[in-house]
Structure formats: C-alpha cells, structure tokens
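Trainee: One structure, pasted below without further comment.
The values are calculated or read from the model by the stated rules, or taken from the named source; none is laboratory data. Note that this is a predicted model, so its numbers are computed, not measured. In this analysis, Cβ positions are derived from the backbone assuming ideal geometry, glycine residues included, and neighbour counts consider all displayed protein chains. Just the protein is used for accessible areas: all its heavy atoms, side chains included, with ligands, DNA and RNA removed. Shrake-Rupley method; radii C 1.70, N 1.55, O 1.52, S 1.80 Å.
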Amino acid sequence: MANKTEPTTRKKHKFIFYLWYILKKVYGLNPILSIAFFAFALISSFLPQVESFTLGKMIDAAVKTITPSTTSAANVQSFMFILIVASAILLTDKFIYDINNFVIQLFALRNQNTRDLIGFQATLKAKVHYFEDPDFVRLKSKVDGNGFKISQIIMSLTTVITSFISAGVIIAIFSAYDWRIVLMAIVSLILPIVINLKFGKQVWGIWDSMSEEKVIYSKYRNYLFMDSPSHFTEMKVFGYGKYLLNTALHLNKIFVDKLEVNERKRLLFTMLSRLWEFAFTVAGFYYVFALLINGRVSVGQFFFVVTLFQSMRSIVSYAFEQLTTVLSDGAFFETFYDYLNFVPRVQVPNGTKNIDVTNGVEIEFKDVSFKYPGTEKMVLKDVSFKIPANKDIALVGKNGAGKTTLIKLMLRAYDPTKGSILINGQNIKELELDEYYKRIGILSQDFMTFEFKAWENIFIGDVDKPMTMINIVEAAKKAKADEFIQNYPKQYETYLARDITDGTNPSGGQWQRLAIARVFYRDPKLIILDEPTSAIDALAEEQIFTNIREFAKEKTIVMVSHRFATVKKADFIYVIDDGQIVEQGTHEELADRTGTLYSRMFHSQND
Ligand code: ADP
C-alpha cells in the first residue's frame with residue numbers, strides 16, 4: 001500500500017530560482033515602489049563614502065590654510081567654499097537618508113499583506129480536491145504561518161545586494177590608490193566571510209530540517225491562544241492547559257537548543273575571525289600611513305581611505321548577517337512556490353460544459369466504485385442509484401458507511417475509481433465546475449460561522465446577487481432566524497462577535513439557522529445537507545424542514561441525517577451500508593420491514 005503522506009514528487013529548483021520567483025511576484029504587486037525601494041537602498045549605501053570623501057576634502061583645505069607655506073586669503077576662501085559645498089552634500093545625504101527611511105516604511109506597510117495578496121489568490125484558485133490532498137494542507141499551513149516573512153526577507157536581500165555593490169565600489173576606490181590596499185582589504189574579509197557563510201548555512205539547515213517540528217509546535221501553541229469560551233471551559237475542566245504549554249515549550253526547546261549550540265560555536269569562530277580581521281586592518285592602516293609619510297596621499301585622502309577601510313568591514317559583516325536571514329528564512333520561498341504552483345496527487349481536470357437546470361437537477365450514479373488515493377479499500381462498491389430532479393432524498397447508514405464519500409463525489413472532490421456520475425445526463429467530468437457549483441447550496445455539519453454582521457452571514461450565500469434587505473429578511477424568516485436577529489442589539493447590523501461593540505454570540509442552533517438562511521438566500525437548484533441541524537431542537541428542526549421542503553418544491557435535496565423525524569419525511573430514502581446501497585424506498589416501505597438495517601435504526605431511535 002502506498003504511503004498516504006508521501007509527498008508529491010515535484011521538481012526541485014535551485015535556491016536562487018525560488019528567490020527570483022518571489023521577487024518577481026512582489027515586484028508585480030508594486031512595481032514603482034519596488035524600484036524606488038531598491039534605488040534608494042543603493043544610493044543610501046554610498047552615502048557614508050560620499051560623506052567621508054567630502055570630509056577628507058575639507059580636511060585637506062583646512063590643512064592648507066594652517067600650513068605656513070600655503071596660508072593665503074585665497075586658500076581661506078576656498079576652504080569656505082568647500083565648507084559650503086560639503087555642508088550642502090551632507091544635508092543632501094541626510095535628506096536621502098530620510099527619504100530612504102520613508103520608502104522602507106512604505107514598502108514594509110504595503111507589503112504587509114503580500115502573503116494575503118499572493119497566497120490568498122492562490123487559495124482562491126485551488127480546487128475542492130486540493131484540500132483533500134494532505135500535501136496541499138501541509139503547504140498551506142506553512143504558508144499561513146510564515147507568510148509574514150516575505151517582506152522581511154526581501155528587505156534583507158536588498159541590503160545584501162546593495163552592501164555588496166557598495167563594498168565592490170570601495171574596493172575599486174582603493175585600487176585608485178594602491179593595489180596592496182585592495183589585497184589587504186580582500187584578505188581581511190576572507191575569514192569572516194567563510195565563517196559567516198558556514199554558520200548561516202547551518203542555521204538554514206536547522207530551520208529546514210525542523211520545519212515539520214515547527215508546524216507541530218505551533219499546533220500545541222495555537223490551542224493556548226483560543227478565544228472560544230467553550231474551548232476554554234473544556235481546557236479548564238480537563239485541566240490540560242499545563243500539558244499543552246509544557247509540550248509546546250518542550251518542542252520549542254529542542255529547536256532552540258540546536259540553534260543555541262550553533263550560535264555558541266558561531267560566537268567562538270567569529271571572535272577568532274576578528275583577530276584575523278584586526279591584523280589586516282592594522283596592516284592596512286599602517287600601509288596608508290606609509291603612503292601619507294611618502295607624500296603619496298594627503299591628510300584628507302588618508303582620512304578617506306582609513307574610514308573606507310573601516311566602513312567596508314562593517315558593511316560586509318552586516319551584509320552577511322542579512323544573508324543569514326535570507327538563507328534561513330528564504331528556504332520558506334520554496335514552500336511558497338510549491339504552494340502557488342501546487343500540483344495535486346490526484347488530478348480532477350475541469351470540464352467545459354454547462355447543464356440546463358430549467359427542469360431541476362437530476363443526479364445518477366452508475367456502477368460507481370471508489371477508493372481513496374493511496375488506499376486499497378473500496379469504500380463504495382458498484383453503487384447505482386438515481387436522485388430525480390426536484391425530489392427530496394435522504395441517505396442513511398451507520399458511521400463509515402460511505403455517505404460523506406458519496407457527497408464528495410457529487411461535488412467532484414474526487415472522480416470515481418470506476419463507473420460514472422451523471423448530472424442531468426451529463427458526465428460530471430465534463431462540467432465546468434464553477435458553473436456547476438453555482439447551482440448548489442451546501443450545508444454541512446461544520447459549516448462556516450462568520451463573525452461579521454448578521455445580514456452578511458446570509459448575503460454571503462450569493463455574493464453575485466445585488467444585496468437587498470428584503471431578500472435577506474425573507475431568507476432569514478424561512479430559516480427561523482429573523483425572530484432572534486430582531487432581538488439582537490442592532491438587529492441585522494449586529495456583529496456576530498463578542499469582541500465588537502454591541503456584538504453578540506449566537507448559540508449553536510442560531511448559527512445553524514443563519515447557515516440555512518444562507519442556503520435559502522442562494523436559492524440553488526440542488527441542496528446538499530450533511531447533518532445540518534444537529535444543534536437545533538427537534539421542534540425547530542421540524543419547522544425548518546417544513547420550510548426547506550416548501551421552499552424546495554422545485555429543487556433537489558440530498559440529505560444525510562441521523563434524525564429519523566427528518567429522514568422519514570423525505571420523498572425517497574437510500575440506506576447505505578459498507579459502501580453499498582442495501583435498501584431503498586419511502587419511510588413507510590422501509591420501516592415496515594422487519595430485521596432490516598433501516599427498521600432497526602429507526603426503532604432504536606423511536607422505541
Ligand atoms: P460516512 O459519511 O457514512 O460516515 P465516509 O464516507 O466518511 O462515511 O467514510 C467511508 C469510508 O471511507 C470509511 O471507512 C472511512 O474510514 C473512509 N475514508 C473517509 N475519508 C477518507 C480519506 N480521506 N482517506 C481514506 N479513507 C477515507
């Protein structure tokens with residue numbers, strides 16, 4: 001049997017490929033800002049050099065004015081001129097520095113939601129069957145947890161690039177004085193660079209090798225940040241809060257310990273590399289001093305070269321620090337790329353055809369057998385049955401019988417392993433899925449509860465339809481939701497969230513009625529109900545179902561339910577057991593038979 005969690009085989013690329021891919025995406029979101037960001041970062045990286053060059057010129061001019069042989073009114077004047085020019089340059093530098101900071105802020109602000117913009121667009125493009133694939137879910141959770149890093153990594157990357165450019169320019173300036181300075185500068189950097197790279201790569205390796213552990217850690221941790229009162233009560237009563245915390249801390253410690261060992265070693269080696277750097281720096285200084293003594297450089301040039309020597313080292317070591325961030329966090333870019341370009345294990349290619357639903361939606365299963373990908377067991381075996389248009393059908397059976405699987409196939413989360421499913425006579429594989437979904441309203445056991453305004457919870461059932469309060473209230477009335485919404489502090493304008501002023505927290509049954517109102521509002525041709533009313537009391541349920549049936553006269557309803565009070569009113573019932581249809585008929589026909597699965601289940605609830 002194939003391993004279910006085996007990742008999809010996909011092409012691996014070089015790190016630089018992923019980096020370039022994300023850079024292009026980010027650039028695409030904000031082209032002008034991205035160029036400005038890079039340009040200002042580059043210009044700013046030259047500011048210290050420009051400043052020390054200017055100061056060097058000023059020093060030379062000052063020296064001329066105080067050296068007895070060259071003292072003259074003209075030299076004082078030229079000093080004053082240089083002073084004014086230097087001040088103007090220094091002020092411009094500061095302005096550029098300020099604008100650069102502004103651009104950085106703007107870039108950070110605008111890219112805060114990069115993950116949302118890029119990642120969420122990918123989620124919207126995903127198909128129902130992607131979420132059935134554990135690889136996709138895994139990638140999604142990594143992207144959700146780390147997406148915030150994108151703009152941070154891009155900023156670090158910019159620093160790395162601009163720093164290297166400016167270090168290169170400094171080295172080029174040295175060569176204008178003497179090639180030996182260039183040599184000393186480069187040699188002084190070799191050891192720090194090797195050490196930085198080695199440890200940076202190790203940090204990267206630790207992050208990469210433990211990324212699954214990070215996900216597991218955040219699972220334990222996230223439960224501690226719950227905000228649901230019932231979840232909190234459960235945690236208090238069971239008393240497992242401490243367990244969650246300790247497990248989370250323990251998992252984090254394994255991770256942190258590894259990084260700590262790496263950091264300790266890094267400190268030791270970095271300090272050693274400082275000695276190396278120090279030796280070459282002193283030699284460099286001394287060499288420039290020798291040039292000064294020999295009259296090959298002026299005092300101002302001496303100042304300029306020595307400052308460059310000093311600043312080059314800080315530029316390069318900062319660049320390497322940032323490179324570590326890029327290498328360690330940038331591994332996430334691969335995850336992001338894989339998420340955006342996800343290829344599911346099981347392909348469910350979209351069709352092109354639309355169905356005519358003027359006369360409703362009819363569903364037919366023809367000899368359908370199905371096993372889940374990566375497993376061997378047939379969970380549906382040669383299932384053939386028909387759900388006629390505008391009829392109300394119930395699927396009943398024990399847990400694990402295959403009811404939800406049938407519904408997943410109707411929604412094309414998977415294709416049958418064998419056999420076919422016809423929707424109004426058309427093979428489901430040929431249908432254009434988004435168009436098909438437009439015909440469907442669905443309500444499952446764990447439906448969505450939106451902490452938005454009450455009306456939005458209903459409106460969201462069909463966002464393509466122009467919103468009218470009349471339609472919303474009508475849907476709410478049919479779902480018996482209007483009565484409690486009227487009692488909310490701001491009626492339909494009330495936020496269904498306790499942490500918003502005048503917000504409220506609907507009960508489980510109220511949420512279900514809102515979800516049912518959503519389906520009413522959508523007014524679909526096919527309604528799929530997968531145990532939708534478990535939190536509603538029997539009386540209200542009966543009323544709601546009377547309304548659903550009344551409303552659904554010209555609709556097909558497929559319902560999975562354990563409640564026989566609801567099931568028995570269906571037009572037709574299919575009993576599923578172990579992946580097969582074992583009985584079918586109306587309630588009266590099925591309940592009267594003795595010893596059958598249906599009658600046993602029915603009587604166990606009603607006797
Ligand atoms: P029901 O809805 O009737 O309770 P299901 O359709 O959920 O039953 O499950 C039918 C069978 O398929 C069960 O044996 C279940 O374990 C198996 N099954 C359900 N989902 C998956 C899955 N994603 N991968 C593998 N097996 C699954």
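Trainee: Looking at the chain, what % of its DSSP beta bridges pair antiparallel, to the nearest 5?
Mentor: 50 percent
Trainee: Then there is this: Would you work out what percent of the accessible area of the chain, with all protein chains in place, is carbon or sulfur (probe 1.4 Å)?
Mentor: So the carbon and sulfur contribution to the accessible surface is 61 percent.
Trainee: In this model, which of 149/253; 140/236; 149/242; 525/553; 391/568; 14/258 are farther than 19 Å apart at the alpha-carbon?
Mentor: Long pairs (Cα-Cα over 19 Å): 149/253; 140/236; 149/242; 14/258.
Trainee: Among 426-433, 241-248, what's the highest-first ranking by average C-beta atoms within 10 angstrom per residue?
Mentor: By packing density, highest mean first, the sequence is 426-433, 241-248.
Trainee: Let me ask something additional. For the range 173-232 and the range 426-446, what is the centre-to-centre distance using only Cα atoms, to the nearest Å?
Mentor: Result: 46 Å between the Cα centres.
Trainee: Moving to a separate point now. How large is the translational diffusion coefficient of the chain in µm² per second when you combine the Kirkwood radius over alpha carbon pairs with Stokes-Einstein at 25 °C and 0.890 mPa s?
Mentor: So the translational diffusion coefficient is about 81 µm²/s.
Trainee: Hey, another quick one. Taking amide H atoms as placed 1.01 Å from N in the peptide plane, list the residues 5 or more away in sequence, or in a different chain, whose amide H sits under 5 Å from that of residue 379.
Mentor: Answer set, sorted by chain and number: 370, 371, 372.
Trainee: Here's something else I'd like to know. In terms of the ratio Rg/(2.2 N^0.38 Å) built on C-alpha atoms, what value belongs to the range 74-129?
Mentor: For the range 74-129, the normalised Cα radius of gyration comes out at 2.38.
Trainee: Would you please give the residues with an amide H less than 5 Å from that of residue 353, counting only those at least 5 places away or on a separate chain, with H modeled from the backbone geometry?
Mentor: Under 5 Å from the amide H of residue 353 lie the amide H atoms of 431, 432, each far enough along the sequence or on another chain.
Trainee: Among 306, 295, 184, which residue has its Cα furthest toward the positive end of the charge dipole of the chain, with +1 on Lys/Arg Cβ and -1 on Asp/Glu Cβ?
Mentor: Most positive-ward Cα: 295.
Trainee: Amide H to amide H, which residues 5 or more places from residue 442 or on other chains are under 5 Å from it, using H placed in the peptide plane?
Mentor: 528
Trainee: At 1.4 Å probe radius, can you tell me the per residue accessible area of the chain in Å²?
Mentor: On a per-residue basis, 52 Å².
Trainee: Also: Leaving out ligands, DNA and RNA but keeping every protein chain, what accessible area does residue 250 have, in Å² rounded to the nearest 10, with a 1.4 Å probe?
Mentor: 110 Å²
Trainee: Step through the residues of the range 350-363 one at a time and calculate ³J(HN,Hα) from phi using the Karplus curve (6.51 cos²θ - 1.76 cosθ + 1.60, θ = phi - 60°), rounding each to whole Hz and writing x for Gly and Pro.
Mentor: Each residue's phi maps through the Karplus curve to give 6, x, 10, 8, 10, 9, 8, 10, 3, 9, x, 10, 10, 10 Hz.
Trainee: Also, quick follow-up: Taking each full run of DSSP H in the chain as one helix, which ones are at least 24 Å long along their axis (Cα atoms) and have mean Kyte-Doolittle hydropathy of at least 0.5?
Mentor: Membrane-span-like by this rule: 31-66, 73-110, 149-177, 179-209, 241-293, 299-340.
Trainee: DSSP loop (so not H, G, I, E, B), at most 13 other Cβ within 10 Å: list which trypsin sites (Lys or Arg not before Pro) in the range 538-607 pass both filters.
Mentor: In loop regions of the range 538-607 (DSSP not H, G, I, E or B), the sparsely surrounded trypsin sites (Lys or Arg not before Pro) are 553, 593.
Trainee: Among 469, 410, what's the order by accessible area (1.4 angstrom probe), most exposed first?
Mentor: Largest accessible area first, the list is 469, 410.
Trainee: Quick one: compute the contact order of the chain, relative version, from alpha carbon pairs under 8 angstrom and 6+ residues apart, as a percent.
Mentor: Once divided by the residue count of the chain, the mean separation gives 15 percent.
Trainee: Could I ask something else about it? Ignoring ligands and nucleic acids, what accessible area does residue 604 show with a 1.4 Å probe (Å², nearest 10)?
Mentor: 90 Å²
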